[in-house]
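Note sheet for the following structure.
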Amino acid sequence: MKKVLFLTCILVLGINLTSAQIDYGAIKLYSSDSNSEILDISDGATYNLNTVGANLTIVAEPPVSVGSVRFETSIGEPRTEGGAPYAFKGDNTSNGVSNFFPWTTLPNFLGTPITFTVSYYSAGGAMGTPLGEDIFTVTFINGQSPPTSPKINLTGLHVSQSSTAFGGVA
């Protein structure tokens with residue numbers, strides 16, 4: 001009875017039990033200015049555009065040959081790529097050289113955690129047999145840091161017995 005109730009709650013409430021993981025392929029952050037790899041994406045990481053650059057894309061590198069790669073995100077903007085390199089915003093490959101298209105809408109989502117689900121399929125168009133999946137969340141900022149609490153300097157403050165914190169009314 002407890003198992004049925006638990007599963008019913010998951011189905012009715014739509015609770016997502018999927019955990020973040022990058023364990024099927026490799027997920028890389030690329031510069032679309034230099035068309036070069038910047039770093040391996042880490043789940044839960046925050047990347048500063050002042051450090052990694054502003055014109056970016058995310059590239060999935062499957063461990064085996066695949067027919068297509070599907071990018072789904074928590075901000076919309078789904079994309080299916082049918083050939084390597086499998087770039088979130090696409091690319092123009094000519095004579096073996098990839099020119100990555102930049103993620104132009106990224107500035108609209110600065111400070112927002114973005115969850116990606118990258119699915120690998122045996123056939124083109126996100127069809128055929130599902131081969132694996134990578135799920136991760138990243139946040140991008142542009143030099144912003146979280147607000148800090150103001151510091152109060154109490155040096156030289158004098159409180160007598162007859163005064164209170166509200167103007168000396170006892």
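The values are calculated or read from the model by the stated rules, or taken from the named source; none is laboratory data. The model shown is predicted, which means the values in this text are computed figures rather than measured ones. Neighbour counts run over all protein chains shown; Cβ positions are idealised from the backbone, glycine included.
Let's see how each residue does on (1) among the aliphatic types (A, V, I, L, M); (2) crowded, with 17+ Cβ neighbours inside 10 Å; (3) without any contact (Cβ under 8 Å) to a residue 40 or more places away in the chain; (4) in contact with a helix residue (DSSP H, G or I) (Cβ under 8 Å, 6 or more places away or on another chain):
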residue: Arg70; (1), (2), (3), (4): no, yes, no, no
residue: Ile75; (1), (2), (3), (4): yes, no, yes, yes
residue: Pro78; (1), (2), (3), (4): no, no, yes, no
residue: Gly83; (1), (2), (3), (4): no, no, yes, no
residue: Thr93; (1), (2), (3), (4): no, no, yes, no
residue: Val97; (1), (2), (3), (4): yes, no, no, no
residue: Phe100; (1), (2), (3), (4): no, yes, no, no
residue: Trp103; (1), (2), (3), (4): no, yes, no, no
residue: Ile114; (1), (2), (3), (4): yes, no, no, no
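Taking only region 38-53 into account, find how many residues are in a loop (DSSP other than H, G, I, E, B) and touching a residue at least 40 places away in the same chain (Cβ under 8 Å).
Filtering region 38-53 down to residues in a loop (DSSP other than H, G, I, E, B) leaves 41-45, 53.
Right, trim to touching a residue at least 40 places away in the same chain (Cβ under 8 Å) and you get 41-45.
Going through region 38-53 one residue at a time, the tally reaches 5.
Of all residues in region 18-34, how many are crowded, with 16+ Cβ neighbours inside 10 Å and part of a loop (DSSP other than H, G, I, E, B)?
If we filter region 18-34 for residues that are crowded, with 16+ Cβ neighbours inside 10 Å, which is where we start, we get 22, 24-25, 27-32.
Okay, now just the ones that are also part of a loop (DSSP other than H, G, I, E, B), so 22, 24-25, 32.
The qualifying residues number 4.
Grab the strands (runs of 3 or more DSSP E) fully contained in region 91-170, keeping just those with 2 or more residues being within 19 Å of Tyr47 (Cα to Cα) and either at pLDDT 90 or above or not polar (S, T, N, Q) (or both). First the steps, then the outcome.
Working: elements: 91-94, 97-100, 114-123, 127-141.
Per the criteria, 114-123, 127-141.
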